[in-house]
Amino acid sequence: MLKLFIAAFSVALLYWLWSKKNKIFANRNNKVDPFITTIEAIELQTFLAWDTPRSCLESDGIRYGKQFKLKFPPELPHEPGCRCEATKLFYTSDDVFQGTSPILTHKSALGDISAKDALLLKNILLKIINNPEADSFTDFMSQFESSSFSTDIRTQAIILLEQAFKAAKNE
Ligand SMILES: [Zn+2]
C-alpha cells in the first residue's frame, strides 16, 4: 500500500514539474527579441527637377539587395536625362519596417532638400507627368498641401512645379 502511495506521489510530482517547465519555456518564447540586424542594400535616388523623366521618378527610393524583392539595381542611366544615383547603404531592420531611409537629404534642382520635401515634390511631379487633368496650374495645385513644403524652398518648389506643368501641357 505504501509502495503504491509513493509511486502515485512520484507521478504527481513529475507531472507538476513537467507542467511548470512548459510554462517557463512558453514565457521565454513570448518575449520579443529587440535584436536589430543590419541589412546591406542599394537605394536609387533620383535627382528631382522639372524635367526628371518618369521612369526615374518611379524608381526613386527603390531598394535592391539580397533581403529585398528586387535583387539587382537596373543599369543607369534609365533613359536620356536620367541623373539617378545608386547608393550602397546599411539599414537597420527598423529602417526597413518603418520605411525610413538612412539618407536624410535628397538631391534636387533646389539643392539638397529634406526627405519629406523630396517625397512631396516627387509625388506632385509624378502626377504632372502622368496627367495633370486640371487646365490651370493654380487649379492643379489646389489638390495638394503646398504649405507642407519647408518655408525655405516653398517658393522655388512651386516655380519648379509650374515649369513642369507647362511643359506637360505643351507636349
Ligand atoms: Zn533614372
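Any read-out appearing in this document is the output of simple, stated calculations on the displayed coordinates, not a laboratory observation. Since the model is a prediction, treat every value here as computed from it, not as a measurement. With ideal geometry, Cβ positions are generated from the backbone for all residues, glycine too; neighbour counts draw on all protein chains shown.
Looking at residue 68, is it of a type in the set (Phe, Trp, Tyr), out of contact with any Asp or Glu (no Cβ under 7 Å at 6 or more places or on another chain), within 16 Å of the ligand (Cβ to nearest atom) and assigned to a loop (DSSP other than H, G, I, E, B)? Considered against the rule, which asks whether it is of a type in the set (Phe, Trp, Tyr), out of contact with any Asp or Glu (no Cβ under 7 Å at 6 or more places or on another chain), within 16 Å of the ligand (Cβ to nearest atom) and assigned to a loop (DSSP other than H, G, I, E, B), residue 68 comes out as no.
Restricting the first member to segment 73-89 and to residues that are within 9 Å of residue 46 (Cβ to Cβ), and the second to residues that are of a type in the set (S, T, N, Q) and more than 9 Å from the ligand (Cβ to nearest atom), the beta-carbon pairs closer than 9 Å and six or more apart or on different chains are 84/45; 85/45. Scanning segment 37-65 for residues that are within 15 Å of residue 89 (Cβ to Cβ), assigned to a loop (DSSP other than H, G, I, E, B) and away from the ligand (no atom under 14 Å from the Cβ) returns 37, 65.
Residues of segment 115-142 that are of a type outside the set (A, V, I, L, M) and surrounded by 15 or more Cβ atoms within 10 Å (Cβ to Cβ): 117, 122, 127, 132, 137, 140.
Could you pull out every one of the helices (runs of 4 or more DSSP H) wholly within segment 94-171 that has 1 or more residues that are under 11 Å from residue 48 (Cβ atoms)? Step through it out loud before you land on a result.
Numbers: elements: 115-130, 137-141, 151-170.
Ranges flagged: 115-130, 151-170.
The set of residues from segment 88-132 being touching a Phe, Trp or Tyr at 6+ places or on another chain (Cβ under 8 Å) and under 20 Å from residue 38 (Cβ atoms) comprises 101, 102. Annotation: of all residues in segment 71-96 being within 15 Å of the ligand (Cβ to nearest atom) and more than 25 Å from residue 167 (Cα to Cα), the one that is surrounded by the most Cβ atoms within 10 Å (Cβ to Cβ) is 73. Being touching a residue at least 60 places away in the same chain (Cβ under 8 Å) and among the aliphatic types (A, V, I, L, M) is a property that residue 109 has.
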